[in-house]
1. Against the conditions (1) closer than 22 Å to Tyr143 by Cα; (2) in contact (Cβ under 8 Å) with a residue 40 or more places away in the chain; (3) surrounded by 17 or more Cβ atoms within 10 Å (Cβ to Cβ), where does Ala20 fall short? Just the number, please.
2. Please enumerate the residues belonging to the range 35-54 that are buried (at least 22 other Cβ atoms within 10 Å of the Cβ) and within 14 Å of ligand 2 (Cβ to nearest atom).
3. Of all residues in the range 75-93, how many are open to solvent by 30 Å² or more (accessible area, probe 1.4 Å) and either polar (S, T, N, Q) or over 24 Å from Tyr24 (Cα atoms) (or both)?
Amino acid sequence: MGVVIVTGVPGVGKSTVMNAAKDYGYKIVNFGSTMFEEAQKEGVDNRDEMRKLPVEKQQDLQKQAGDRISKMGDVVVDTHASILTPSGFMPGLPEWTIRALNPNIIVLVEATAQEIAGRRSKDPSRLRDADDIDMHQKVNRDYAATAASIVGATVSIVENHDDEVDIAVEQFRKVLNK
Ligand code: AMP
Ligand code: MG
């Protein structure tokens with residue numbers, strides 16, 4: 001089976017799409033939650049605060065999470081190709097992380113900027129940034145391609161449009177070869 005990485009801008013619905021993979025025998029691991037467990041030991045108390053920490057600190061947490069997840073065997077990893085920090089787009093899959101995870105496939109879940117903005121406005125549980133969604137999705141494609149080239153992974157784009165989550169899940173199933 002191998003490792004599969006699923007990425008997408010906040011609010012695109014990647015967790016919803018990948019939940020379907022549970023039926024195919026994959027274990028799902030959330031990279032941000034694993035990072036947050038490490039961050040909490042150091043007094044960070046909101047997962048949406050992590051992307052505002054100094055980049056070096058975020059990279060330390062990223063390395064700890066990557067090391068832990070790399071020991072879990074075949075998993076689907078819920079994460080980000082890039083993270084919007086105050087100092088720019090930080091790679092979610094830099095060389096050290098992509099080598100540690102060594103995925104076969106990197107999936108980008110995408111939707112239109114309008115759809116994503118609408119979904120974000122309906123989720124008061126998270127502190128989302130008012131960013132340029134089209135720009136972020138473009139950066140994510142570039143960063144995913146760069147990460148894929150390091151390990152020879154394939155890149156697949158799954159479209160998750162409004163009221164068409166079934167189609168997205170079906171696309172994802174095909175990517176997993178299930
Ligand atoms: P999420 O719940 O998937 O939006 O992730 C929560 C937070 O975890 C993100 O806002 C980032 O701060 C952090 N995070 C998730 N994946 C990565 C990654 N690959 N590299 C660095 N930070 C990450
Ligand atoms: Mg999520």
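The values are calculated or read from the model by the stated rules, or taken from the named source; none is laboratory data. If you're wondering where the values come from, they're calculated on a predicted model, not measured in any experiment. Positions of Cβ are generated from backbone atoms using ideal geometry, with glycine treated the same way; all protein chains shown enter the neighbour counts. Heavy atoms of the whole protein, side chains included, go into the accessibility calculation; ligands, DNA and RNA do not. Shrake-Rupley method; radii C 1.70, N 1.55, O 1.52, S 1.80 Å.
1. (1)
2. Within the range 35-54, the subset buried (at least 22 other Cβ atoms within 10 Å of the Cβ) is 35, 39.
Of everything in the range 35-54, just one residue is buried (at least 22 other Cβ atoms within 10 Å of the Cβ) and within 14 Å of ligand 2 (Cβ to nearest atom), namely Met35.
3. Residues of the range 75-93 open to solvent by 30 Å² or more (accessible area, probe 1.4 Å): 80, 83-84, 86-87, 89, 91.
Going one step further and asking which of them are either polar (S, T, N, Q) or over 24 Å from Tyr24 (Cα atoms) (or both), we end up with 83-84, 86-87, 89, 91.
Qualifying residue count, the range 75-93: 6.
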